[in-house]
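Q: I'd like to ask you about the structure that follows.
What follows is calculated from the coordinates using simple rules that are stated; it is not laboratory data. Just so it is clear, the model here is predicted, and its values are computed rather than measured. Reconstructed Cβ throughout: ideal geometry from the backbone, glycine too, with neighbour counts over all protein chains shown.
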Amino acid sequence: MKSLICAAVVVYGLALSGQSLAQADLAKKDGCMNCHDVATKKVGPAFKDVAAKYKGNAGAEATLVSKITAGKDHPAVKGASEDDVKKLVKWVLSM
Ligand code: HEC
């Protein structure tokens with residue numbers, strides 16, 4: 001029984017890391033990483049710093065998604081669909 005639980009935890013862990021890998025790929029594909037990096041400031045702020053800045057802010061996801069999709073106060077990101085941006089903002093805020 002114990003090993004069954006262990007196996008379940010491992011599978012869950014793999015699924016989670018698979019997900020963040022997919023989001024990192026999406027961020028590259030959509031050009032976010034031309035201006036951003038996870039941990040260092042480039043043209044735009046490091047995603048980790050963004051997550052820290054919005055920590056505990058319940059409206060952060062909606063604010064950031066509209067900011068990025070509208071291209072207001074943020075450079076326009078034409079390649080990214082709204083769906084992509086939602087996923088990416090969730091990913092950034094989870095850091
Ligand atoms: C042309 C360069 C550029 C690209 C491409 C770009 N960004 Fe940004 N980003 C910036 C700059 C500059 C800022 C800082 C100004 C600001 O706060 O909007 C920023 C800020 C942000 C912030 C923080 C906003 C805040 O209110 O603190 C997030 C989140 C973000 N970008 C996500 C993304 C995502 C997701 C993508 C890809 C879909 C992306 N960015 C693509 C330049 C870029």
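Q: Can you work out the FRET efficiency for the pair ASP37 and LYS78, with r the C-beta to C-beta distance and R0 = 22 Å, to the nearest 0.05? Working shown, then result.
A: Numbers: r = 21 Å, r/R0 = 0.95.
With a Förster radius of 22 Å, E is 0.55.
Q: Sticking with this one: Normalised by the number of residues in segment 30-87, what is the relative contact order in percent for Cα pairs under 8 Å and 6+ residues apart? Don't skip to the answer; put the middle values down first.
A: On the way: 44 pairs, mean separation 14.2, N = 58.
Here the relative contact order equals 25 percent.
Q: Also: With each pseudo-label sitting 7 Å past Cα toward Cβ, what's the SER20-LYS90 distance in nm, one decimal?
A: 1.6
Q: State the Cα centre-to-centre distance between segment 35-51 and segment 55-95 in whole Å.
A: 14
Q: Moving on to the next point. Where a Cα-Cα gap under 26 Å defines reach, which lysines qualify for LYS72, not counting those fewer than 8 residues away within the same chain?
A: Hits, sequence-local ones excluded: LYS28, LYS29, LYS41, LYS42, LYS48, LYS53, LYS55, LYS86, LYS87, LYS90.
Q: With a 10 Å radius around each residue's Cβ, average the other Cβ atoms per peptide and rank 27-38, 47-58, highest first.
A: On the way: 27-38: 16.1, 47-58: 13.4.
So the order, starting with the most tightly packed, is 27-38, 47-58.
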